[in-house]
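This report concerns only the one structure given below.
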Amino acid sequence: MLTPQLNSRPRIKVRSLPSVKTAPPRSNAVYLPPDEVLIEGELLSRNLHSYLRAMWHVLEPKPLQDNWHLGVISEHLQAQTEGQIQKLLINVPFKCLKSITTCVAWPSWEWARHPNTQWLFTAYAGALSLRDSVKCRTLIESVWYQQRWGHVYRLVSDQNTKHRYENDKHGVRLATSFEGLTTGEGGNRVVVDDAHNMKEIMSDTIRNETIRIWKESLSSRRNDPQVDTFTAIMQRGHERDFSGH
């Protein structure tokens, strides 16, 4: 669980980066020379939090209300990308931008560095995973993203659906649900975003079914358990919920 009191533990050694100017809103977009665009892309690919701030205008019309917790979450997710953390559990209240940070910004940012990464996203409902999958694809296909990282990889047209798409560097992004997991699907990054429906959190039967699926199926979906990562991000609802387990 991530809390503000992190001083008792060594800080994660994520490479520092000078402040990157956030891209302007759509209505005030300005032209940048190609060389400056590539330089900005290189700088943003070094720091996930800077990338989150810069890409925000592509998906949301309102300015990003940045906060320290987005920096902390981004720092820990980047540490997973850089091999410093293998298993990560984040507990954060709802409406704190956990999904767009973890399921939209993070995979699109990492593909700019490592386009061969394979991602498996799951949630208590397939509609939630599908929502973030579409947002991530919209971001990747945007002019803003393509100008900066279109030379790194491209999406493959014959494997490009809302719940699953691939790129020409063998990277995959798959969105599913706990009940929708199919045999053989896995990834280098296995991400659980909201394991429970809070309307059903008091049901022992439903909670235990989620945990059963995790123990019997989802916990073994990393392609290489020695190096691949597992990430869970959710709000707490019960002392014996997925986080508690």
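The values are calculated or read from the model by the stated rules, or taken from the named source; none is laboratory data. Keep in mind that this is a model prediction, so the values were computed, not measured. Note: accessible area is taken over every heavy atom of the protein model, side chains too, but ligands, DNA and RNA are not part of it. Shrake-Rupley method; radii C 1.70, N 1.55, O 1.52, S 1.80 Å.
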Quick one: how many lysine pairs does the stretch 38-162 have with C-alpha atoms less than 20 Å apart and a gap of 8 or more or different chains? Give me the count, please. 7
Accessible area per residue in Å² at 1.4 Å probe, computed on the stretch 43-111: 37 Å²
Report in % the part of the accessible area of the chain that belongs to carbon and sulfur, leaving out ligands and nucleic acids; probe 1.4 Å. 52 percent
Please report how far the C-alpha centroid of the stretch 60-109 lies from that of the stretch 201-226, rounded to the nearest whole angstrom. 22 Å
What do you get for the angle between helix 204-216 and the principal long axis of the chain? Use alpha-carbon atoms, 0 to 90 degrees, nearest ten. 70 degrees
Can you run phi through the Karplus equation (6.51, -1.76, 1.60; θ = phi - 60°) for the stretch 90-99 and list ³J(HN,Hα) in whole Hz, with x for Gly and Pro? 10, 10, 8, x, 5, 6, 10, 6, 5, 6
Between 0 and 90 degrees, rounded to the nearest ten: what's the tilt of helix 34-44 against the longest Cα principal axis of the chain? 30 degrees
